[in-house]
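Everything below concerns the one structure shown next.
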Amino acid sequence: MAPDRPTALVVDSDSATIAVLTGWLEAANIAVRTAADGREALAAIKAECPEFLVTDWDLPHTSGMELCRWLRSQKLPRYVYTILLTARTDSHDLVIGLESGADEFVRKPINKDELLARIRAGLRVLALESRLSLLAQCDSLTGLWTQRTFFERLDRKWSRAPYKQLPLSCVMVDLDFFKRVNDTYGHRVGDEVIRRVASILKSNVREGDLVSRYGGEEFCVLLCDRDERIATDWAEQIRRLIAETSIAVGDRSIQITASFGVAQRLADTANPDELVDLADQALLVSKGVGRDRVTAYQTMNDSGRVRATNSRASALDGIVARDVMTTIVAGLHEREKIGRAVEYFLQLRINSAPVVDDDGRLVGVLTEKDAMAILLWPHWWTTTIADVMKKGVVTYEENTPALMIYEFLCRVSVRSVVVVDRGRPTGVISRASLLRWFTNSLVARGESTGLEGLLVTTASAQGAKQRITEIAAKLAETAQSLAHDLDVDADALAPRLVGGASQVQELANDLLGYSRYLHADRSTGNAMSILAGMDAGRAMQAFNADCLTGNGV
């Protein structure tokens, strides 16, 4: 809606005219700012955008017509209703002025009643424009900002925050099992649930905070001037309020819960999208560990909190993510089409792939399930991967303790995490990866696993060395097979290379696992010499880098 007391910028080189117009407009409850020429007017509009521009056609430096043309070329926070004052009567001049961006003309000498009537007409236009703008920016069901408007406003706050040195925290909110509400009680009840949650969020934020309906049953909140600890406390308060809310359905009532993820902007948070993504990762953990809870990103990602507490846990003591991960051997670009991804999955015989941007940084993961979900869409094969991929990917840096990732995968329903090196995906750690590493470690130490019939049990460093020799022989055999596969036709080559590369990675992990238990008989050096000449993990990472940048398979 138009403000209670709109502002008009009056521009004229004649001080007497400015004095008269100022008196008329202020008497009509219009706040007035003035400028003596076009340059002053440009600066005044940039400093504070008015609702009205009342300007003479003939001005020093920049004419009124040029001022109108400049005004219409700018992305201003509101529409500026422009009235051009002129002694010109020729219709050709009026046409030029209208096409330059003027909304109205008032001929000189100026008639007070005519000017004020045109101001009132402008107020009606501004009120309508404001309503239409609000409808476009707000979600029709809740009245909250749309996702697009949220990011537009977040961008502005983001650019100002560094200068004020003030924290920004993002909170992602997702209603638990919301599909059950729709399926059981119908969409009208589901809509009421969303409205009630939106009302709770709106009623508990401060002026300057942003609350948006992010999509479906998801909400996103930006809390200004609050760090992650305070934002987590706020989210916990909202979680309790939602859990205490009852929704009447006929003669009964239902209760709902929500999961929360919280993240704070840090020095290395590159952009607003990354801040929201960090909060989304924390939300994913909340949902994975049982829902109806709040997870803070820094707490989730605090690598210093894990300590080995028993002899078996010590098998992972000192081991980091890069030692355990399976190196990624195939990736997709976010601008590629789903049709290309489907072909990729079928050709390489894989069911998921990381998605990267132009800089090779991880932006999401695409699975076969994601592709299948849109198969019935018109022209589904031309849909961009970025529009379908999952963005909420849990990531850990390569130097993260493996024990921390082990504990995380034990707690949540997530099956795997992506390992990154400064934002670029380098590997994946799944439950299977950790089971393989852990089992190999126990076997190498001579501990019972219940798999003695399937695994070679070693009770000494000599036994570990024997196992390394066997693995190295298998690695050599696999490498020879890969070399032989280079002679097959191109259609069959890619799947064989990916399969062989995966085998090489698993064997390399086994080698690294057993190598830690060679505490004795180091003088022989036979097994260790094998490892010294075989940096298989890093070789696979180089292979992976080529794949992600399009230079590989």
Legend entry - Total formal charge among the other residues, if their Cβ is under 14 angstrom from that of Val197, Lys/Arg +1 and Asp/Glu -1: -3
Inset, instruction - Find how many whole Å separate the alpha carbon centroid of segment 42-74 from the alpha carbon centroid of segment 230-251. - result: 49 Å
Legend entry - Relative exposure of Cys138, Cys170, Cys410, judged by other C-beta atoms within 10 Å (fewest first): Cys410, Cys138, Cys170
Inset, instruction - Taking the Cα centre of segment 7-136 as origin, sum charge times position over the Cβ atoms of Lys and Arg (+1) and Asp and Glu (-1), and report the length of that vector in debye to the nearest 20. - result: 440 debye
Inset, instruction - First select every other residue whose beta carbon is under 10 angstrom from the beta carbon of Asp358; then total the charges, Lys and Arg +1, Asp and Glu -1. - result: -1
Legend entry - Likely footprinting exposure, Leu123, Leu511, Leu76, fewest C-beta neighbours within 10 Å first: Leu76, Leu123, Leu511
Legend entry - Distance between modelled label sites at Asp227 and Gln298, nm, 7 Å Cα→Cβ extension: 0.5 nm
Legend entry - Cleavage-rule hits, trypsin sites (Lys or Arg not before Pro), segment 182-286, DSSP coil, Cβ neighbours within 10 Å at most 13: Arg206
Inset, instruction - Find how much the distance from Asp357 to Thr89 grows on full extension, using 0.36 nm per residue of separation minus their present alpha carbon separation; answer in nm with one decimal. - result: 90.7 nm
Legend entry - Cα gyration tensor, segment 7-136 - rounded (a/c under 1.5), prolate or oblate: rounded
Inset, instruction - For Lys46, list the aspartates and glutamates whose Cα falls under 16 Å from its own Cα; do not include residues on the same chain fewer than 8 positions away. - result: Asp37, Glu66
Legend entry - Neighbour cut-off at most 12 other Cβ (10 Å), DSSP loop, trypsin sites (Lys or Arg not before Pro), segment 332-379: Arg335, Arg349
Inset, instruction - Take the Cα of Ala28, step 7 Å along the line toward its Cβ, and report every residue of segment 102-146 whose backbone nitrogen sits under 15 Å from that point. - result: 103-108, 110-127
Legend entry - In Å, descending, principal axis extents of the Cα set of segment 102-231: 68, 45, 21
Legend entry - Cα-centre dipole for segment 147-301 with unit charges at Cβ (Lys and Arg positive, Asp and Glu negative), debye to 20: 320 debye
Inset, instruction - Taking a cut-off of 12 Å between Cα atoms, list the aspartates and glutamates near Lys474, but don't count ones fewer than 8 places away on the same chain. - result: Glu506, Asp510
Inset, instruction - Give me Met404, Met172 ranked fewest to most by other Cβ atoms within 10 Å of their Cβ, as a rough exposure proxy. - result: Met404, Met172
Legend entry - Shape category assigned to segment 147-301 from the gyration tensor of Cα positions, a/c cut at 1.5: prolate
Legend entry - Förster radius 60 Å - calculated FRET efficiency between Gln466 and Glu368 (Cβ-Cβ, nearest 0.05): 0.90
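Since every read-out is calculated from the coordinates, none of them should be taken as a lab result. Treat the numbers as computed from the prediction; the structure is a model and nothing was measured. With ideal geometry, Cβ positions are generated from the backbone for all residues, glycine too; neighbour counts draw on all protein chains shown.
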